[in-house]
Structures are given as structure tokens and as C-alpha cells.
Amino acid sequence: MIRHIVMWKFRRDLEETPQQIAEQMKSRLEALNGKIEGLLRAEVGINLKETASSYDAVLTADFPTWEAMEAYKVNPLHVVISDYCKSRRESRIDVDYEL
């Protein structure tokens, strides 16, 4: 099984607050559960504190195979959410590993 972890820091110069963006990401990504083949679980956590080094939200997603994760990344349902995020993020980091 593959675990995909992504963390985002959202821009501070938008009408939406980082908290609002994080809530949108949580709602949209968790709604993909059961809708994309190969996505076993998607969970988004919203950071409770803000420091200079902290990120605003984190995604933990599990896939049965590397190929399933790659298919998820290009799935149209995910791409819409990814585009939303790209327009609002300041930075992003990710880690993929095998369980």
C-alpha cells in the first residue's frame, strides 16, 4: 500500500483566509472517498496553530498501488481540486511511501 502525504501553506493575500481555504480543501478532498477507483482513504487535517514554520493543512491518502496513486492525480475529479489549490497555495510539500 502507498501512503501519499501532502502539506500546504496557503497565501495570505487573498479574500479567503487560510482557514477557509483549508476547510474547502478538506471538504472537497474527503468527498472523493468512494468516488475514485483506487483511492482507499483521503483525510485532511487542518492545523490548529499558526507559526512561521507551520503549514495550514495536510492530506493523508492511501492507495493499493503506485499506479492507483498516479491515476488519482490525473482523475478529473481530483484535477479540479488541485487547480483550486494551486491558485491559493504559497507552498506545498509531499511524501509518498510504502506501508
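Restricted to segment 18-59, and to residues there that are under 13 Å from residue 8 (Cβ atoms) and β-branched (Val, Ile, Thr), the residue that is surrounded by the most Cβ atoms within 10 Å (Cβ to Cβ) is 21.
Out of all the residues in segment 76-99, which are within 14 Å of the chain's Cα centre (by Cα) and either over 25 Å from residue 20 (Cβ atoms) or of a type in the set (Phe, Trp, Tyr) (or both)? 84, 95, 96 - these are the residues of segment 76-99 that are within 14 Å of the chain's Cα centre (by Cα) and either over 25 Å from residue 20 (Cβ atoms) or of a type in the set (Phe, Trp, Tyr) (or both).
For segment 48-67, residues that are within 16 Å of the chain's Cα centre (by Cα) and over 24 Å from residue 90 (Cβ atoms) total 2.
Scanning segment 66-99 for residues that are within 12 Å of residue 4 (Cβ to Cβ), of a type outside the set (A, V, I, L, M) and not in a helix (DSSP H, G or I) gives 94, 96, 97, 98. For segment 17-28, the condition holds for no residue, the condition being that it is assigned to a loop (DSSP other than H, G, I, E, B) and touching a residue at least 24 places away in the same chain (Cβ under 8 Å).
None of the figures in this text is laboratory data; all of them are computed from the coordinates on show. Bear in mind the structure is a predicted one, so any value in this text is a computation, not a measurement. Heads up, the Cβs are rebuilt from the backbone with ideal geometry, glycines too, and the neighbour counts pull from every protein chain shown.
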